[in-house]
1. Give me the percent of DSSP beta bridges within region A:523-622 that run antiparallel, rounded to the nearest 5.
2. Is the shape of region A:217-328 best called rounded, prolate or oblate, per the rule: a/c under 1.5 gives rounded, else a/b larger than b/c gives prolate, else oblate, with a ≥ b ≥ c the square roots of the Cα gyration tensor eigenvalues?
3. What are the ³J(HN,Hα) couplings of region A:365-374, residue after residue, when phi is run through the Karplus curve with 6.51, -1.76, 1.60 and θ = phi - 60°? Round to Hz, x for glycine and proline.
4. Can you bin region A:85-175 into rounded, prolate or oblate? Criterion: square roots of the alpha carbon gyration tensor eigenvalues sorted a ≥ b ≥ c, rounded for a/c under 1.5, prolate for a/b above b/c, oblate for the rest.
5. What number, rounded to the nearest 500 deg cm²/dmol, is the helix-based mean residue ellipticity at 222 nm of chain A, given -39500 (n - 2.57) per DSSP H run of at least four residues and division by all its residues?
6. Where does each of A:Ser435, A:Ser203 land when they are ranked from fewest to most other beta-carbon atoms within 10 angstrom?
7. Once you charge only the Cβ atoms, +1 for Lys and Arg and -1 for Asp and Glu, what is the size of the charge dipole of region A:127-268 about its Cα centre, to the nearest 20 debye?
8. Report the local net charge at A:Leu59: Lys and Arg +1, Asp and Glu -1, summed over other residues whose C-beta lies under 11 Å from its C-beta.
Amino acid sequence: MNQMTKWSKRSLAAAGLMTGALLLARCAPSAPTSAKKAPTAASDLQVAAMKTYVAPGDLDEYYLFSSGGHSGQVYVYGVPSMRHLSTIPVFTPYPGTGYGFDDDTKKMLGRFTWGDAHHPALSETNGDYDGRWLFINEMNGRIARIDLRDFKTKEIIGPVANISGNHGSSFVTPNTEYAIMSTRFSIPIPKGTYASIDKYAASYKGVAAGIKIDPKSGAMTLGWEVLLPPFDWDIGDAGKGISDGWFFLTAYNTERATGKLEVTASQKDRDYIVAINWRDAEKYAKEGKGDLIGGVKVIDPKKVPGFVYLMPCGKSPHGVDVSPTGKWVVGSGKLAGITTAFNFEKVLTAIKNKDFTGEEDGIPVLKYESIKDAEIQVGLGPLHTQFGPDNWAYTSLFVDSAIAKWKLGTWEVVDKVPMSYSIGHLCAAEGDTVSPDGKYLVGLNKLSHGRHLSVGPSQPESSQLVDISEEKMKLLYDAFTEPEPHYAQMIKADKIHAIEVYPKEENKHPLAVWDVKDAGVTRQGDKVIVKAVLVRSTITPTSVEVREGDTVTFALTNIEQTTDELHGFGLLDWNTNIVVDPGETKTVTLKIDRPGVFPYYCTNFCSALHQEMQGYLIVKPK
Amino acid sequence: MRSFIEKCDRILKSPLGLGPRGLLLLATLLLVPALVSPLWRLTMFAPQYQEGLRLDIYSYKLEGGHAGQDTKEINLLNHYIGMKDLVTEDFTEFLWLPFAIGAFGLLFLRAVVLGTVGYLIDVTVLFAYFSGFSMWSFAHKMWAYGHNLDPTAAVKVPPFMPPLFGGKQLANFEVYSYPSLASWALGAVALALFLALGLSVRAAGRAGTVAGQGPG
């Protein structure tokens, strides 16, 4: 009842807004181009406004974790409002939270200040999101683990040996046993090996790796590596249900071509999806099978046959997506204009019957006709597929700039919705799990082409919210996202239980101090440790005197236990910017190589006396 | 006059009836919630604290809302105006209040078993004094907190009396102060005592009339 009143109020407000907008459009000397382009009925707009409006103070229904592409970060949005809630820095320093400035995160980033983040994967239990961790890969051969208890990057593994251009990653298995990595840009291995480009077909190698995830801590280790032909291994997914135990990866450039790949790698009518039995790979790795390359064992399917198979797929496939039950493996030939639904039961039968049409470097190629259930004419440039309840499937069409809705089993395409513009990935609510929610879908578009106020030539990407709760898909909202959303994960908000302060009892940092009385400076030779307390509105000690040549470690403890009372530590002239959350301790170590007086201050506005929260690092000359 | 004194003496010495003894037993039982639940609750709201900061005053401790975090927050905010930290150790009341409540329990029980009207008057008067003194003591403590402000505080505010009953605007905070369960229980104790006293005096008076064979 209450809800009804709320809605009707909203619709009234929306109606008011609409009338205003229409009047404006009529009176304005030149109506905005978008208004000209979109002759949508006012009622549709009202419905869209109602469906996306989250009133001040109200909360969104879903989290959307969107990859930041070459920005190296993960962006968190609320659905359906599409409001940007937070940025989780992963592979790139982020001054906003001091990421990459303190000792721990600096160490985690290692020699990189950049990563091309692509495919976030939420941890799963029995094939459903469990809200524990988010994994995300990047092209330099790394995977990061974000803990969703505090939305912080906790671990980065890699660069992993032999993996080159880790694009086909980080898709996790149904119980988060493994994430996968794979080589998109084949190279001679181990890394550092020389082979001229004309030796590409024989001397360059692709590799897939299973990254083992500790079920308790989430800690990642290299589980196994499998040697693959020098194709461009592109995107993957883990099997589930009947296909549990298998990883799938698409490959283009099965021509093994070099040079101008847009031509040379587009010659064959069919490329492949590889199916890797990861339980076998795990077993073989345990048995010590494989050759030592780059310090790790790599299993060659030629020498250890029977666990890797190739499934022919439409020309230059990009996405491969396993249906909620695990029965169908859906691959889209980017340049073929069809999406193929492979029946995994038939795949298993074909393997059993050795229904092969050839082999590539010792890997059997299954007979296409024997394993496919249907070819779906979804449209031009099909890329990725997400799922809804009741066997609905949604495939993004890059060339058509649209999403096609079709049904598993009957294979009929029932609806299309245009995307602005050139959709890449798409992300439905829990749309890659065993129980997709339907309801919402976000199209992650590559081009926005000025559907926004002009911000100059560096245009933002566009993420469009689509309502998929009814028979016809309806565009609800345009959001303009940070570069560059590749893939995203949408999870029901109540599955995530994030803390808002770090409980004091859990802080086991050896240099933490919790009382202003315990703050101070200790010295051992030229090593100086400053145990500092940050609390409204003082940084204690308020001045620190050291000598030129000292190595100074500031251990900063924010002793607040109040939500949102973050404190910063900006040290001028030393490129030092630390942000400490309530209950957290962070350290930053500086080699003091010049004398002078350097102010430090709280960077994160905290209180009425925030300005006064300051002090001095005083360096005596040698 | 003499007969009045004799009458009073008789009434004071007359044993308590079943009703008053029952009421005294009830009063004893009411001391249990008075001991274990909060006496007073302070709630503070500000734009930044929509949920409110809560402080519960027990007979033996202070307890902040949000698992104690609210006390820290209140103290943290109060340090800007130079107010002393609210800490359990500063309240001598927390030592003698539980002792007194326990003692009253024993005195009430004694009255249940051995009580006379005179004895009942003694515990009632004592209890009334105890209640009044406790209230004054708390009020004084609050006054002291609001008046002994550090002269070097960052924010100078005129000395103030925190509200004891009802609401008050203090800077950006709306502060509400109301008695809690334990205080209501103590109020019920007082009520039970007065009722027992009334019943006993009336019963003793009537008994005297019967014994004296007619009006005396």
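1. Antiparallel bridges: around 65 percent, rounded to the nearest 5.
2. oblate
3. Here the 3J(HN,Hα) series is 9, 6, 6, 3, 4, 7, 10, 8, 9, 7 Hz.
4. Judged from the Cα gyration tensor, region A:85-175 comes out oblate (a/c at least 1.5, b/c at or above a/b).
5. Helix contribution divided over all residues of chain A: -3500 deg cm²/dmol.
6. Details: A:Ser435 12, A:Ser203 17.
Ordered by Cβ neighbours within 10 Å, fewest first: A:Ser435, A:Ser203.
7. Details: 16 positive and 16 negative charges, 65 e Å.
Dipole of region A:127-268, to the nearest 20 debye: 320 debye.
8. Values: positive: A:Arg83; negative: A:Asp58, A:Asp60, A:Glu61, A:Asp494.
The answer is -3.
Taken together, the values in this text are just the output of simple stated rules run on the coordinates, not laboratory data. In this text the structure is predicted, and so the values were computed from the model without any measurement. Heads up, the Cβs are rebuilt from the backbone with ideal geometry, glycines too, and the neighbour counts pull from every protein chain shown.
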